[in-house]
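Please treat every number below as a calculation from the coordinates, not as lab data. Nothing here was measured: the structure is a model prediction, and the numbers come from that model.
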Amino acid sequence: MRPDLTLGFGSADREKTDLFRATVGRYESAADRAVIDELVAWVEDRYRQDLQRRSSRHVYVRTLPAPARAEIDRLRDSPILRALIARQFPEGSVITPMKHTDELYISNYNRDRGGDQGLFDKHYDGNLRFLSSSVVVRALIYLQSDASYRVVFHDSHVAQAFASYDFSLLDFHRELHWVEGEYNPADRQRILLKCNYLITPPRAVLLRWTTLAANTGVFYVVKAAMEYSKSPRTPAQRFVGLLCNLFRWLNNLHPFVPLAFIAALLAALAGGLWAAAL
């Protein structure tokens, strides 16, 4: 059954009209699974030291060697993903892959209150859900996972324990989600691809480029803060990790709340500098 989703009409019932409903699926073909197996072997060899330290690792796909990117393209450009995304939008909507933001993610469950902690707490991936005329769909492609944890997509009323070869599609800005499961330090790492797609109405070229720029800025700033503060050791890393988790909590309330908080901090800082200069 096709969800009731409309772009660009500003409906008051935004939870029904703007949300891309979370979708789960699985790569079934032998060719796709062979690509996934090759990528897992390559990741385990290339990032062997990171896996031994059990630290999480985020790597932009665009920085990987060309052969690895070519294999990843076979998965993130899959007609299966395209079809599942397109079926929830009006005919003619434009799907723009955001490959410059796509990531390879090696995840080891941790509870050190660093920047990665929010991946296991209730959270929205993005903070631009007030942009009602565009949607960012994120594909989570599970290259390696043993289904020991369950991901809950709250707004779509979907929950799934993901194993290798599975994938999920979710609304990057509007889907509140989290991971459920008992923490076990002996668990094997998960290896995922995080791939993003911007969907805009037909012929909305200016909107497409504007929202693409806004989303790119959010991706890079948030990811840099999370990467800096994961498994924090220095006071500066702990402080940034605290801010990451604070802003994530404020964003759960409403995306304008962290913006107002930042504005208040900047105003207070400017006032203090002005008073000191007098």
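Observations on the structure shown:
- Spatially proximal aspartates and glutamates relative to residue 194 (Cα-Cα < 13 Å; intrachain offsets below 8 disregarded): 73, 77, 102, 103, 125, 166, 171
- The phi-based Karplus calculation (6.51 cos²θ - 1.76 cosθ + 1.60; θ = phi - 60°) puts the 3J(HN,Hα) values of the stretch 123-136 at 6, 9, 5, x, 10, 10, 6, 7, 7, 7, 9, 8, 9, 10 Hz, whole numbers, x for Gly and Pro.
- For residue 155, the residues 5 or more places off, or on other chains, whose built amide H falls under 5 Å of its own are 176.
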